[in-house]
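Down below is the structure, laid out as structure tokens.
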Amino acid sequence: MKIRDFLKHNSLFVIMFNFTIISIFFVSFIIIWTTIRMSEDFFIDKFSITNTKVINRVKGDFESFHSSIVTATNELLKSGNLKTILTSEQTNKERMTAYYNLNLLMERVKSTVDGYDVSINVIGKNGISYSTDRTYWPISDAELKNSRISSNTLDEPKKLMYQYDKRTRLNTNRIGGAYIVASKAFMERLSGKIYGTMYIAIQENEFAKFYSNFTSKGNDIVLIDGNGFIVSSNRKELIGKKDKELLSHAETLKNNTNHYVTEDFLGKEHIFFSEYLPSYEMYILNMIDKHTAIQGLVDKRELAQTLLIIFFVVLIVVFFGSKKLTNSLSRLVKEIANVSKTNFHQSISVQGTYETRKISIAFNSMLEELQDYVEKLISIQKQKRNAELAALQQQINPHFLYNTLTSIKFMVQQGSKEEAEETTTALISLLQNTVGQVNETITVKQEVENLKNYVFINQKRYGTRIHVNYFIASDCQDCLIPKLILQPFIENAFFHGFNRKQNGYIHVLIWRDHATLICEVVDNGDGMSLSKGESDLPNTNRRQERFTGIGIRNVHERIQLIYGEEYGVSIESELDEGTKIKISLPFENDSN
């Protein structure tokens with residue numbers, strides 16, 4: 001119980017304490033996370049500068065190889081002797097001489113690529129083919145002519161292109177495996193006729209030596225072409241596969257001002273660096289396992305221990321500080337809780353901090369105002385009950401009932417039984433909805449039905465010189481209004497609005513204006529002159545004798561007591577022009 005009482009009277013302290021601790025923990029976590037992230041970003045930024053230099057060096061090695069390939073290609077293209085050998089028809093003896101000359105030419109050309117272990121192949125239009133090492137790139141002439149490599153080369157004869165080729169390993173020597181093949185068509189400059197093709201093949205293992213010294217565990221390099229095809233990598237399982245994701249990273253870096261991007265690859269977060277090789281139409285993509293790169297950068301265990309110590313120190317300070325700050329407020333809460341629910345004269349003591357003193361003063365002032373409000377509310381409720389009682393007492397005019405019954409008797413005596421029956425039915429319906437209906441509110445549809453019965457009875461008694469028309473909006477039929485709110489105005493217009501005029505009309509109009517229900521009773525009878533301000537606040541002192549039911553002021557006050565001062569009755573009238581009664585009510589649908 002003691003703990004429950006403590007929490008009950010010190011809930012603000014508990015909330016402040018918990019909120020402060022959670023805030024401190026959250027801020028500490030954000031600081032640590034930000035520190036780690038900033039350290040990682042700083043390390044990666046600095047590492048990217050060094051790594052860019054490494055990739056540029058690798059790029060330089062690739063460009064050097066390409067330069068050697070271009071030199072060898074130009075030597076072959078400039079050789080008129082080679083063109084003759086590859087285009088002319090030859091006897092066996094001439095073919096032997098041709099191969100001898102080809103061997104001398106190839107030895108000279110191969111010297112330009114002596115720094116690399118490659119094989120040079122040429123195939124002529126006349127069917128002559130030559131290879132510096134048939135065992136290095138084990139592909140037959142027929143295979144080569146029908147291969148994708150040759151097809152691509154002949155499609156773009158002016159272009160020196162690099163393509164991937166996979167050969168089946170034939171023995172335990174270095175024969176077979178993956179190759180990168182540089183190919184170029186021999187084409188006459190003037191006529192554009194192709195008289196042969198050249199292929200320089202290098203094993204992927206040899207190709208990988210350009211970058212192998214810069215790779216390690218978690219630091220991988222991939223050479224990928226424009227179609228996403230991996231032609232070389234220190235991770236051999238990736239070679240020969242197509243990976244659009246890696247190509248996307250490489251293309252992003254090509255068009256990005258940043259030196260790197262961080263993305264997931266094979267379930268791990270990697271840092272990607274890239275450099276484009278325009279000569280190869282390939283990308284050098286450097287993939288670094290982020291966890292491997294930054295592990296040990298920040299001692300997270302030591303950081304967590306430091307945070308824990310700071311957290312407990314702050315916990316103690318916050319506990320005592322919050323308790324001291326909330327003591328005066330807790331005392332104030334106890335005093336307020338002890339104030340009687342009915343005795344609003346009992347005040348509380350003014351003490352404690354500036355804020356609690358201000359609250360105490362405001363609370364005492366509120367008690368005084370509340371006492372005044374309660375007294376006013378009691379008075380208003382009495383007025384409302386009196387008004388409702390007066391309304392119920394004046395619902396039915398005894399003279400109206402007497403005259404109606406007399407008229408029915410006369411109809412029966414005259415033999416107008418049908419008229420007498422209709423009038424009796426109308427009277428019964430009217431009495432049921434007024435006397436028999438205990439609810440204070442009824443629907444517009446019911447109120448209009450009462451009006452029709454009332455008008456019908458009067459027209460049977462006095463004739464039809466006054467026509468009554470009803471204009472009711474369809475969406476207002478089920479709207480709730482106080483009972484007999486319109487009948488007094490119909491009655492007044494019917495009996496006192498046409499003293500000088502013999503004929504006329506009464507219009508009953510009901511419609512919705514947003515959240516307000518507008519009811520109007522308009523006649524073109526005698527009218528009257530109103531004093532200034534009378535249309536805003538109806539005064540029935542001068543016209544009370546005209547009403548046989550509830551007076552205008554009575555209706556007006558009844559509406560305001562029920563719905564508030566923004567609603568009520570207003571009058572517009574001109575002498576000899578007629579009168580318009582406007583009633584505004586809240587729009588409320590019948591929930592039943």
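The values are calculated or read from the model by the stated rules, or taken from the named source; none is laboratory data. What you are looking at is a predicted structure, and each value in this text was computed from that prediction instead of being measured. Methodologically, a virtual Cβ is constructed for each residue, glycine included, from the backbone with ideal geometry; neighbour enumeration extends over all protein chains shown. Side chains included, ligands, DNA and RNA excluded: accessible areas come from the protein's heavy atoms. Shrake-Rupley method; radii C 1.70, N 1.55, O 1.52, S 1.80 Å.
Whenever a residue of the range 78-92 is touching a residue at least 60 places away in the same chain (Cβ under 8 Å), its partners that are open to solvent by 70 Å² or more (accessible area, probe 1.4 Å), lying with C-beta atoms within less than 7 angstrom and at least six residues away or across chains, give the pairs 86/125; 87/125.
When only residues in the range 31-56 that are open to solvent by 40 Å² or more (accessible area, probe 1.4 Å) and modelled with pLDDT of 80 or more count, which is farthest from residue 206 (Cα to Cα)? Looking at the filtered set, the residue picked out is 53.
Out of the residues in the range 181-213 meeting the condition of being open to solvent by less than 10 Å² (accessible area, probe 1.4 Å) and aromatic (Phe, Trp, Tyr), tell me which one is farthest from residue 133 (Cα to Cα). Within the range 181-213, the match that is farthest from residue 133 (Cα to Cα) is 211. The listed residues are 164, 116, 130, 179, and the only one of them that is closer than 28 Å to residue 90 by Cα and aromatic (Phe, Trp, Tyr) turns out to be 130. The numbered conditions (1) modelled with pLDDT of 90 or more; (2) in a strand (DSSP E or B) are all true for residue 166 except (1). Can you give me the number of residues within the range 64-77 that are loosely packed, with under 15 Cβ neighbours inside 10 Å and either within 30 Å of residue 213 (Cα to Cα) or touching a residue at least 40 places away in the same chain (Cβ under 8 Å) (or both)? Qualifying residue count, the range 64-77: 3. Screening the candidates 93, 125, 110, 59 for the property of being of a type outside the set (Gly, Ala, Ser), surrounded by fewer than 16 Cβ atoms within 10 Å (Cβ to Cβ) and in contact with a strand residue (DSSP E or B) (Cβ under 9 Å, 6 or more places away or on another chain) yields one hit, 125. For the range 521-545, which positions are open to solvent by less than 20 Å² (accessible area, probe 1.4 Å) and either in contact with a helix residue (DSSP H, G or I) (Cβ under 6 Å, 6 or more places away or on another chain) or modelled with pLDDT of 50 or more (or both)? Within the range 521-545, 521, 523, 525, 526, 527, 528, 538, 540 qualify.
Of the helices (runs of 4 or more DSSP H) lying entirely inside the range 191-299, those containing at least 1 residues that are under 19 Å from residue 161 (Cβ atoms), more than 40 Å from the chain's Cα centre (by Cα) and aromatic (Phe, Trp, Tyr) are 204-207. Does residue 114 satisfy the condition of being at pLDDT 85 or above and of a type in the set (Asp, Glu)? So residue 114 fails the test. Looking across the range 484-509, just one residue is open to solvent by less than 20 Å² (accessible area, probe 1.4 Å), out of contact with any Gly (no Cβ under 7 Å at 6 or more places or on another chain), outside any helix (DSSP H, G or I) and without any contact (Cβ under 8 Å) to a residue 60 or more places away in the chain, and that is 506.
Step by step: first the residues of the range 242-251, then only those that are in contact (Cβ under 8 Å) with a residue 12 or more places away in the chain and loosely packed, with under 15 Cβ neighbours inside 10 Å, then the one that is farthest from residue 229 (Cα to Cα). Which residue is that? So, considering only residues that are in contact (Cβ under 8 Å) with a residue 12 or more places away in the chain and loosely packed, with under 15 Cβ neighbours inside 10 Å, the one farthest from residue 229 (Cα to Cα) is 245.
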